[in-house]
Structures are given as structure tokens and as C-alpha cells.
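Reviewing the structure listed below.
Computed from the coordinates by the stated procedures, all read-outs in this text should not be read as laboratory data. Note that the coordinates shown come from a computational prediction; the quantities given were computed from them, not determined experimentally. Note: ideal-geometry Cβ built from the backbone for every residue, glycine included; neighbour counts use all protein chains shown.
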Amino acid sequence: MTARPVVLEITRLEAAHLAGLVTQFAELVDGAGTDEGDPAIARLAPDAYEERGAADEFRRLTEADLFDRRRDDAHAVLASLAGAARIPDDPEDPALLEAVLIELPADSAQAWLRTLAALRLVLATRLGITEADHHSPDDPRFGIYDWLGYRLDGLVSAIDDD
């Protein structure tokens, strides 16, 4: 049985903002090997073993492939957002809030899941979130983090309905 495509409804403004976030994420992942002190990179590729030697060996063998997949996933998300993320220059143009539908084949939906989850990990690291309810929903700094969670939850529900 083949999985049905998932249809995502998003406004053009949301799509443009998400495309910007995913672009920044792809750039972060592209530079993953150059900034080994970045805690967000460490969170995206945590140690697989407690023993330092085994953890280092596992990282040496798998990290490049992991970040290649993360980059490829980000590019798949950007490709599916391309049409929806085109916005007018006029901030008063009602087309900014126009809802558009994005059809995601099963493989693209999986790339979206992995990318949105990874983006949330990066933001959680940058914001100092270490537990699920370790932030105030009234604090505007966490708005993007919460919005990504909302989108991720909706995508998981849509895939589970399949």
C-alpha cells in the first residue's frame, strides 16, 4: 500500500518565513564540520555512546552522512515551499495572508518531519529550552519555536491519518 500525499495549508507569509528558517538551517548544517563548539550542532548529532572513544568513532563514521541527509531534507522542504513562499513586496497586500496548498508526497513529508524537528532542536538550544515546558508561551521569543511545534504536530497527525 502506497502512502497518500499529505496536503499542507499555509499562508504565503508563513511559507516565506519558513523558507527563511530552513535556508538558515541548511547553511548551519553545511558548516557543521567547521564549528565544532556550536551546541546546536552537537544537539543535532548527539553522542551515540557514553564512552568517549566509541562515541568519537561512531561520529567519525556517521556524522557526514547524517548532515548530508539533513541538508538534502532541508533542500526538499525548500523545493516544496518555492511557489508558496513567493510574496508581494507591499506589506499591505492581502496576498500575504492567502492560504496556499502544498502537496507533499510521502518522501517529502518525511523530509519535512525531520527538518521541522531539527529546526526545533536548534531553536531550543539557542533559546535554552531543555524540557518540553521549559518556556512561557507568553514570551514572544518562543513564538517561532511554538509555531514550528504546531506545524510539526499537524504534519504528524496528517501522516498518522494515512
query: For the chain, what is the calculated [θ] at 222 nm in deg cm²/dmol (nearest 500), taking -39500 (n - 2.57) for each run of four or more DSSP H residues and dividing by its residue count?
result: -20000 deg cm²/dmol
field: Listed residues ASP68, ASP56, ASP146, most fluctuating in the chain (Gaussian network, C-alpha, under 10 Å)
entry: ASP56
- prompt: What residues of the stretch 10-34 lie in the reach of a label at ARG59, counting those whose backbone N is under 19 Å from a point 7 Å from the Cα along Cα→Cβ?
  reply: 28-34
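Would the stretch 65-162 count as rounded, prolate or oblate if I go by the C-alpha gyration tensor, calling it rounded below 1.5 in a/c and otherwise prolate when a/b exceeds b/c, oblate otherwise? List each step's numbers first, then the result.
Numbers: a/c = 1.61, a/b = 1.10, b/c = 1.46.
Because a/c hits 1.5 or more and a/b fails to exceed b/c, the stretch 65-162 counts as oblate.
Indicate the gyration tensor shape class of the stretch 95-137 (rounded, prolate or oblate), computed on the Cα atoms with a ≥ b ≥ c the square roots of the eigenvalues: a/c under 1.5 is rounded; otherwise a/b larger than b/c is prolate and the rest oblate. Intermediate values should be presented prior to the final figure.
On the way: a/c = 3.30, a/b = 1.59, b/c = 2.07.
Since a/c reaches 1.5 but b/c is at least a/b, the shape of the stretch 95-137 is classed as oblate.
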message: Output wanted: per-residue J couplings in Hz (rounded whole) for the stretch 65-76, from phi through Karplus 6.51 cos²θ - 1.76 cosθ + 1.60, θ = phi - 60°, x for Gly and Pro.
response: 5, 4, 6, 4, 5, 4, 5, 4, 4, 4, 5, 5
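Tell me, what is the FRET efficiency for ALA45 and GLU98 to the nearest 0.05, using R0 = 45 angstrom and their Cβ-Cβ distance as r? Could you put the intermediate results ahead of the total?
Numbers: r = 38 Å, r/R0 = 0.84.
Once rounded, the FRET efficiency stands at 0.75.
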task: Along Cα→Cβ, 7 Å out, is where each label goes; now give me the distance between the ones at HIS17 and ARG69 in nm to one decimal.
output: 3.0
query: Packing-wise, with mean Cβ within 10 Å as the measure, how do 74-80, 151-157, 8-14 rank, highest first?
result: 74-80, 8-14, 151-157
